[in-house]
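The structure appears below as structure tokens.
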Amino acid sequence: ANERLQFLAGQYLEFLLKDGSRRSFSMGNAPHADELVELHVRHVAGGQFTEHVFGKMNERDILRFEGPLGTFFLREDSQKPIVFVASGTGFAPIKSIIESALHKGVTRPMTLYWGGRRPKDLYMNEIAQAWPIKYVPVISDALPEDAWSGRTGFVHRAVMQDFPDLSGHQVYACGVPIMVDSARRDFVQQCRLPEDDFFADSFTTQADLAAG
């Protein structure tokens with residue numbers, strides 16, 4: 001309880017629930033800002049874990065977890081430009097990686113594409129806008145009241161429009177499985193991205209499946 005969690009930017013932890021099931025969440029904070037662990041949790045109606053978090057959990061409640069886990073972290077031995085692709089709360093580990101890279105003074109060009117169904121799904125839009133990197137928000141299902149004038153459609157398709165040749169880049173993608181799988185396939189087959197330069201985490205919660 002008195003130790004700080006040592007982790008690499010982009011890694012995740014797993015909460016151990018009483019019935020033996022697990023719930024995975026990536027750290028949203030960078031390792032250098034580790035006083036607390038920042039997690040991005042979407043409320044899933046009827047979800048066993050998130051109903052507890054949003055409805056019943058109190059300060060100082062004890063939760064059991066294992067971590068850090070995962071291999072979704074920045075490969076610092078490369079100097080290739082980086083394209084980040086996030087959907088929904090897949091933004092969390094990418095936020096950690098970007099903040100860590102900026103803190104370390106990484107000079108590689110970085111571009112972030114973050115997709116959501118509605119503008120409100122880009123829940124930390126102002127933070128992303130403030131980073132000294134290129135940021136492209138992409139909305140797939142805007143309503144008239146959203147008054148959205150930015151990029152539309154599937155987030156990985158926006159990347160393909162801007163980077164028809166990814167042969168000299170690295171891509172880090174995190175979000176719903178259909179986005180990650182489509183990005184991997186299309187970037188490699190159509191944009192010449194080497195398979196070894198695609199790094200990904202898929203989120204499989206019902207919340208992210210619904211977020212598109």
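Cross-link reach is defined here as a Cα-Cα straight distance under 20 Å, omitting same-chain residues fewer than 8 places apart; for residue 56 the lysines meeting it are 18. Its Cα centre serving as origin, region 56-106 has a Cβ charge dipole (Lys and Arg +1, Asp and Glu -1) of approximately 80 debye. Helical runs (DSSP H, four residues minimum) scored at -39500 (n - 2.57) apiece and divided by the length of the chain put the mean residue ellipticity at 222 nm at -7500 deg cm²/dmol. Relative protection proxy for 91-99, 12-20, 60-68, 183-191, from highest mean packing down: 91-99, 183-191, 12-20, 60-68 (other beta-carbon atoms within 10 angstrom). Roughly how many Å is it from the Cα centre of region 125-182 to that of region 62-76, as a whole number? Measuring centre to centre over Cα atoms gives 25 Å.
Of the heavy-atom accessible surface of the chain (probe 1.4 angstrom), what whole percent is carbon and sulfur? If you can, show how the numbers build up before the last one.
Values: 5620 of 11390 Å².
Answer for the chain is 49 percent, counting heavy atoms of protein chains only.
In the full protein context, region 15-172 carries 53 Å² of accessible surface per residue, based on a 1.4 Å probe and ignoring ligands, DNA and RNA. Of the residues 190, 156, 97, the one whose Cα sits farthest towards the positive end of the charge dipole of region 57-193 is 190 (charges of +1 on Lys and Arg Cβ, -1 on Asp and Glu Cβ, taken about the Cα centre). In terms of its C-alpha gyration tensor, region 54-133 has an oblate overall shape, because the principal axis ratio a/c (a ≥ b ≥ c, square roots of the eigenvalues) is not below 1.5 and a/b does not outweigh b/c. Spin-label pair residue 62-residue 124: with each label point 7 Å from Cα along the Cα-Cβ axis, the two points sit 3.0 nm from one another. Each residue of region 67-82 is assigned a 3J(HN,Hα), and the resulting list reads x, x, 10, x, 10, 8, 9, 5, 7, 7, 7, 10, 10, 5, x, 10 Hz, derived from the Karplus form 6.51 cos²θ - 1.76 cosθ + 1.60 (θ = phi - 60°), x at Gly and Pro.
The values are calculated or read from the model by the stated rules, or taken from the named source; none is laboratory data. Because the structure is a prediction, the values reported are computed rather than measured. All Cβ positions, even for glycine, are placed from backbone atoms using ideal geometry, and neighbour counts span all protein chains on display. Note: areas computed on protein heavy atoms with side chains; ligands, DNA, RNA excluded. Shrake-Rupley method; radii C 1.70, N 1.55, O 1.52, S 1.80 Å.
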